[in-house]
Amino acid sequence: MSSEPVGDTSTERLVDAMRQIRDRCVWTQGIDHDMLVPYLIEESYELVEAVEAGTRDELVEELGDVLWQVVFHAEIASRDADAPFDFDDVAETVTRKMVHRHPHVFGDEAAPTPEDVVRVWNAAKAKEKAKRSSALEGIPQGMPSLALADKVLGRAVPLGVGPTVDAAVVDDEDALGEQLLAVVAAARANGLDAERALRGAVRRLSARVQDAERPVASPTDG
């Protein structure tokens, strides 16, 4: 019996290869979603490096490695006895989401400028997330601190919460990088943990956001 993946398209061959590996590779058979997380994180960082400093071939390879992680998770899920889903379900779900968030492409909404696109995107996303109890809901707390800070600030600023910023101070990524490096160096020199310090600042900012979201008590309440 041939062990070559079968299928008419690259996607079908990819999914079939994963299925055969899951069936026949004893290491792969012992892997679950949680065990895959470190590999997904590593592959994601390798993809970022390829985007920022890699060749065309490296980018193709790293994109494939991240895609393999998606297919791997989908194959594991397809065998779940209680709530199975497969790669087609993943692809269909993200397709529906992206069509809904681009009404200026697939509907009658007009968005002639990038700013209009952002407005339309945010409005569509807000409809999807209407049941959220906080603007911060859905932000993964395991993100690296800088990425987490950026994400929380993006939700906090529209609520009028966040530090005062002089945008003219930093207008170049190279200069910004040097400033951040200098802050980390100063932290090390003083025995401080820059990562932990920023996470603490983000937690305090998150608390202020949650305070701002709480309804103000009326004089007649109670």
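Some notes on this structure:
- Condition check for Pro103: out of contact with any Gly (no Cβ under 8 Å at 6 or more places or on another chain), more than 27 Å from Pro215 (Cβ to Cβ) and of a type outside the set (Asp, Glu): yes
- Residue in segment 163-185 that is touching a residue at least 40 places away in the same chain (Cβ under 8 Å), part of a loop (DSSP other than H, G, I, E, B) and surrounded by 10 or more Cβ atoms within 10 Å (Cβ to Cβ) present: no
- The condition (being touching a Ser or Thr at 6+ places or on another chain (Cβ under 6 Å), modelled with pLDDT of 85 or more and not acidic (Asp, Glu)) is satisfied by just one residue among Leu181, Leu136: Leu136.
- The one condition in (1) open to solvent by 60 Å² or more (accessible area, probe 1.4 Å); (2) over 14 Å from Val202 (Cβ atoms); (3) without any contact (Cβ under 8 Å) to a residue 40 or more places away in the chain; (4) small (Gly, Ala, Ser) that Gly142 fails to fulfil: (2)
- Test: residue in segment 57-70 that is at pLDDT 95 or above, assigned to a loop (DSSP other than H, G, I, E, B) and over 23 Å from the mean Cα position of the chain (by Cα): no
- Search result, residues across segment 85-121 that are small (Gly, Ala, Ser) and part of a helix (DSSP H, G or I): Ala91
- Condition met for Asp82 (part of a loop (DSSP other than H, G, I, E, B), open to solvent by 70 Å² or more (accessible area, probe 1.4 Å) and among the charged types (D, E, K, R)): yes
The values are calculated or read from the model by the stated rules, or taken from the named source; none is laboratory data. The structure displayed is predicted, hence computed values, not measured ones. As a convention, Cβ positions derive from the backbone with ideal geometry for all residues, glycine included, and neighbour counts pool all protein chains shown. Surface accessibility is based on the protein's heavy atoms, side chains included, excluding ligands, DNA and RNA. Shrake-Rupley method; radii C 1.70, N 1.55, O 1.52, S 1.80 Å.
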